[in-house]
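Okay, structure first, notes after.
Nothing in this text is a laboratory measurement; each read-out follows from the coordinates by a stated rule. Nothing here was measured: the structure is a model prediction, and the numbers come from that model. Positions of Cβ are generated from backbone atoms using ideal geometry, with glycine treated the same way; all protein chains shown enter the neighbour counts.
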Amino acid sequence: TERTFSIIKPDATKRNLTGKVNAVIEDAGLRIVAQRRIQMSQAQAEKFYEVHKERPFFGELVEFMTSAPVVVQVLEGDNAVAKYREVMGATNPEQAAEGTIRKLFALSVGENSVHGSDSLENAKIEIAQFFTDDQIV
Ligand code: ATP
Ligand code: MG
């Protein structure tokens, strides 16, 4: 069993889709073992997406992620990192497979409803940015 880090992004929280996103997560066999709704600060968003800081969309991405509250989560299950990437679907919703969160809910490549860690190593780093061990049960 493995843990991954998830964010339900502002486009989804603004449209009141937290429960519907969580239903897809749970139906896929992933367990939500920590969850908190937060307003990300600019500094927090910049740090979280630091790997993308040279990309042309970085400013837009930080602005979007701080535009409304997000739900940060830890998901647990067999192969949780890869499984959640599959459940999320492609970054661009036009390329996302049927039944995936992004196919169902995403508005565009930027406003794509969810984040999921892309490796186990990054999952550990990202989880530690938002949760202490005792908050994950
Ligand atoms: P995430 O890291 O959020 O799980 P991802 O791993 O599928 O998504 P990345 O390449 O890591 O995609 O990009 C991080 C985020 O940056 C995307 O989810 C999206 O919100 C935004 N993004 C990526 N590419 C673009 C783009 N071409 N234009 C605008 N925003 C983009
Ligand atoms: Mg990514």
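Under the simplified labelling scheme, the Arg37-Glu2 pair shows an inter-label distance of 3.1 nm, with each label point 7 Å from Cα along Cα→Cβ. Translational diffusion coefficient, Stokes-Einstein: compute it for the stretch 8-70 using the Kirkwood radius over C-alpha pairs as Rh, at 20 °C and 1.002 mPa s, and state it as an integer in µm² s⁻¹. So the translational diffusion coefficient is about 166 µm²/s. Extending 7 Å from Cα along the Cβ direction at Phe57 and again at Val137 yields two label points whose distance is 3.8 nm. Remark on the stretch 60-106: hydrodynamic radius 12.1 angstrom, per the Kirkwood mean of 1/r across alpha carbon pairs.
Relative to the Cα centre, the charge distribution of the chain, modelled as +1 at Lys and Arg Cβ and -1 at Asp and Glu Cβ, gives a dipole magnitude of about 340 debye. For the stretch 46-137, what percent of Cα pairs sit more than 21 Å apart? Tail fraction, whole percent: 37.
Express in nm, to one decimal, how much length is gained between Ala128 and Asn79 on full extension, taking 0.36 nm for each residue of separation and deducting their alpha carbon distance.
Working: separation 49, 0.36 × 49 = 17.64 nm, distance 1.91 nm.
Residue separation times 0.36 nm, minus the Cα-Cα distance, leaves 15.7 nm.
Distance between the pseudo-spin-label points of Glu98 and Lys47 (7 Å out from Cα toward the beta carbon): 4.3 nm. Counted by Cβ distance under 13 Å from Ala97, the other residues give a net charge of 0, where Lys and Arg count +1 and Asp and Glu count -1.
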